[in-house]
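To keep things clear, I will list the structure first and then write my remarks on it.
The values are calculated or read from the model by the stated rules, or taken from the named source; none is laboratory data. All of these numbers come straight from a predicted model, not from anything done at the bench. Note that we place each Cβ from the backbone using ideal geometry, even for glycine, and neighbour counts take in every protein chain shown.
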Amino acid sequence: MHVFGQRFRFESARVSVLALRFATVIALAVWFGGFTFYSTAVIATSQEVLHSHLRAGLITQQVTNWLNWISLPALAICGGNLSAQRKDPRRLWIWLLGAAFAGMVVTQVMLFPAHRILDARIVEHRVADDAAFFRLHRVYLVLATLQWCATVVYIWATLVLWTDRVKEAVRSERGSGVVLAAAEVRLAGESARN
């Protein structure tokens, strides 16, 4: 088969790498995108529409449960991406990707029990101890923010690791007419064989 004037060989290793990259993008879009949109748009809007921080908080309580559970498959897929990148020679970027992933996992591990403790302080749709609840809620928000920042770093490092190798491959083809997509497919196969 020919793609963009170049012979294209179907290799399962290439397809596996591309499938993992696709899964990584989708997982981050659902989990990180959902978290970002919810925290930047939905929370403020629900407070405004419901005219109550408590009512909006009761909705947020349920949504954050979903976001916490959605994080598990997303983090597993991100871990697979990290594992697939481990043989890349750019050690700084691999280290950064690993550190960001560790930050994502550690904060998620801390968010589960923090959420459970916050849930226990809401009794019959009322906050049982306002001062203690809001102190713990601040801790929860700091953890979520740290996780968000770690995820931004993870995405950045992933994109660098994915795209710089493509640019290098295109340059090494020296005018053969290979387009970026074809080089990406070739590199995906090489990564899978390593």
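Numbers at a glance
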{"read-out": "Residues located in segment 13-27, provided they are in contact (Cβ under 8 Å) with a residue 12 or more places away in the chain, under 18 Å from ALA100 (Cβ atoms) and not small (Gly, Ala, Ser)", "value": "LEU20, ARG21, THR24"}
{"read-out": "Residue list for segment 89-142, restricted to those being small (Gly, Ala, Ser) and closer than 15 Å to THR64 by Cα", "value": "ALA114, ALA120"}
{"read-out": "Segment 108-135, residues that are of a type in the set (Phe, Trp, Tyr) and surrounded by 15 or more Cβ atoms within 10 Å (Cβ to Cβ)", "value": "PHE133"}
{"read-out": "Every pair of residues 6+ apart whose Cβ atoms lie under 9 Å, when the first sits in segment 28-51 and is more than 20 Å from VAL153 (Cβ to Cβ) while the second is surrounded by 14 or more Cβ atoms within 10 Å (Cβ to Cβ) and modelled with pLDDT of 90 or more", "value": "TYR38/LEU67"}
